[in-house]
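S.K.: Dumping the structure here so I can ask a few things about it.
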Amino acid sequence: MTPPAVETKDLVKVFERGRRTIWQRARREPDRRERFRAVDGIDLTVQSGEIFGLLGPNGAGKTTTMKMLATLLIPTSGSIRVLGIDPLARPREVRARLGAMLSGERSLYWKLTARENLEYFAALYHVPPAETRPRIDRALVAVKLADRADDYVERYSTGMRQRLALARALLPDPPLVILDEPTVGLDPQASRDLRDRVRELRAQGRTVLLTTHYMEEADQLCDRVAIIDHGKIVALDTPAALKRTIRAEEVVHLELALEGDDRAVLDRLGRAATVARSERRNGTLTVTAHCASAREFVPAAFDAARSTGATIHHVEVVPVTLEDVFISLTGRALRE
Ligand SMILES: Nc1ncnc2c1ncn2[C@@H]1O[C@H](COP(=O)(O)OP(=O)(O)O)[C@@H](O)[C@H]1O
Ligand SMILES: [Mg+2]
């Protein structure tokens, strides 16, 4: 039986906040920095051949998790297996089987061509010389850059550079590819294009583990998603199954203008639907409500507003998204 592509058990990473000054060290003062758990007990099993997403807001611990899998950070506790191998005991074997595109590690040489960049990294990654040329050609084809291989990277668009960074990750011909926020900073067209390349990796039989804070990306691209917040997995399933956990047919976003207290209107709205989230900014109250039927809830919302002295400025009925799943689990929006 093939082992899972990734398996973690009670994975923990503790960081200290802030820096210890040289004086504190010289005087051997006790370390009083606050310790916090950036990754706080993650159990994860990524099956071979799936596209698995870690979805969570900034600071959730996604990159830290990826770095531990990629042998770039040592866990505080817990265990990891990558393709059945323990990265702490056998880091080289893990690195040889893993293609990683991590943030902060995307630098390419702008004064070199794409092919020259890949030749340089192939040597760095110990790709056997006889295999270098075919691997580079395959990687360039996989990211659709074969016809631009001899252009200087400085002439590339952001999307092309990102694809070249992906080609670099493919040089070891890895069965497992891990991508940290692969589409961050790309325009919609380039993002779609990169997602297509990722789907092709799965079609080639590779496993992909990626992180994202874009709920649409997790929804469209991933076979399964783990929603992560404050270093913990708060939900894990297929996107469809996660959305079914929202016991509502429709989601209504309301924007109300009101003066004074908002408790009365929230109370009234809460009788007609589940108020998943509300936020007050000066005279504007925004509300996300989960309801069985928007046709019944929206008129009730207008009544609620009128009877409490509020005015509804904006109503929008939207289908359930992974954002609603996140909100219902944490009471916060992904972007906050
Ligand atoms: N080397 C480090 N030292 C101290 N804190 C860190 C370090 N790396 C990350 N952190 C903190 O750990 C938390 C999780 O960070 P990260 O894994 O980068 O989150 P994400 O990728 O989900 O945005 C954040 O609060 C971040 O500031
Ligand atoms: Mg990150």
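S.K.: Consider only pairs whose beta carbons are under 8 Å apart and that are at least six residues apart or on different chains; among these, list those whose first residue lies in the range 210-238 and is closer than 17 Å to Val6 by Cα and whose second residue is of a type in the set (Phe, Trp, Tyr) and more than 14 Å from ligand 2 (Cβ to nearest atom).
M.R.: Sorted first by the residue in the range 210-238, then by its partner, the pairs are Leu210/Phe52; Cys222/Phe52; Asp223/Phe52; Arg224/Phe52; Val225/Phe52; Ala226/Phe52; Ile227/Phe326.
S.K.: Given the structure, is Ser107 small (Gly, Ala, Ser) and in contact with a Ser or Thr (Cβ under 7 Å, 6 or more places away or on another chain)?
M.R.: no
S.K.: Applying the selection to the range 157-205, what residues are of a type in the set (D, E, K, R), away from ligand 2 (no atom under 16 Å from the Cβ) and touching a strand residue (DSSP E or B) at 6+ places or on another chain (Cβ under 9 Å)?
M.R.: Those that are of a type in the set (D, E, K, R), away from ligand 2 (no atom under 16 Å from the Cβ) and touching a strand residue (DSSP E or B) at 6+ places or on another chain (Cβ under 9 Å): Arg168, Asp173, Arg199, Arg202.
S.K.: Would you check if Leu166 is surrounded by 17 or more Cβ atoms within 10 Å (Cβ to Cβ), in contact (Cβ under 8 Å) with a residue 60 or more places away in the chain and under 30 Å from Ala300 (Cβ atoms)? Outline the logic, then answer.
M.R.: Working: surrounded by 17 or more Cβ atoms within 10 Å (Cβ to Cβ): yes; in contact (Cβ under 8 Å) with a residue 60 or more places away in the chain: yes; under 30 Å from Ala300 (Cβ atoms): no.
For Leu166, the condition - surrounded by 17 or more Cβ atoms within 10 Å (Cβ to Cβ), in contact (Cβ under 8 Å) with a residue 60 or more places away in the chain and under 30 Å from Ala300 (Cβ atoms) - is not met.
S.K.: Considering only the range 93-108, I want to know if a residue exists there that is part of a loop (DSSP other than H, G, I, E, B), exposed (fewer than 14 other Cβ atoms within 10 Å of the Cβ) and at negative phi. Walk me through it before giving the result.
M.R.: Let us first name the residues in the range 93-108 that are part of a loop (DSSP other than H, G, I, E, B), namely 102-108.
Right, trim to exposed (fewer than 14 other Cβ atoms within 10 Å of the Cβ) and you get 104, 107.
Next cut, at negative phi only: 107.
Checked the range 93-108: at least one residue is part of a loop (DSSP other than H, G, I, E, B), exposed (fewer than 14 other Cβ atoms within 10 Å of the Cβ) and at negative phi.
S.K.: Taking the residues in the range 90-115 that are over 16 Å from Leu72 (Cβ atoms) and not charged (D, E, K, R) as candidates, determine which candidate is nearest to ligand 1 (Cβ to nearest atom).
M.R.: Leu108
S.K.: A follow-up question, please. Picking from Val208, Val177, Val225, Val198, which residue would you name as being assigned to a helix (DSSP H, G or I), surrounded by 15 or more Cβ atoms within 10 Å (Cβ to Cβ) and β-branched (Val, Ile, Thr)?
M.R.: Val198
S.K.: Only one of (1) at pLDDT 95 or above; (2) among the acidic types (Asp, Glu); (3) within 16 Å of ligand 2 (Cβ to nearest atom) fails for Asp86. Which number is that?
M.R.: (3)
S.K.: Could you please let me know if Gly185 is free of Cβ contacts under 8 Å to residues at least 60 places away in the same chain and not in a loop (DSSP other than H, G, I, E, B)?
M.R.: Answer is no for this residue.
The values are calculated or read from the model by the stated rules, or taken from the named source; none is laboratory data. None of these values were measured; they are calculated from a predicted model. Quick reminder, even Gly has a Cβ in these numbers, built from the backbone with ideal geometry, and neighbours come from all protein chains shown.
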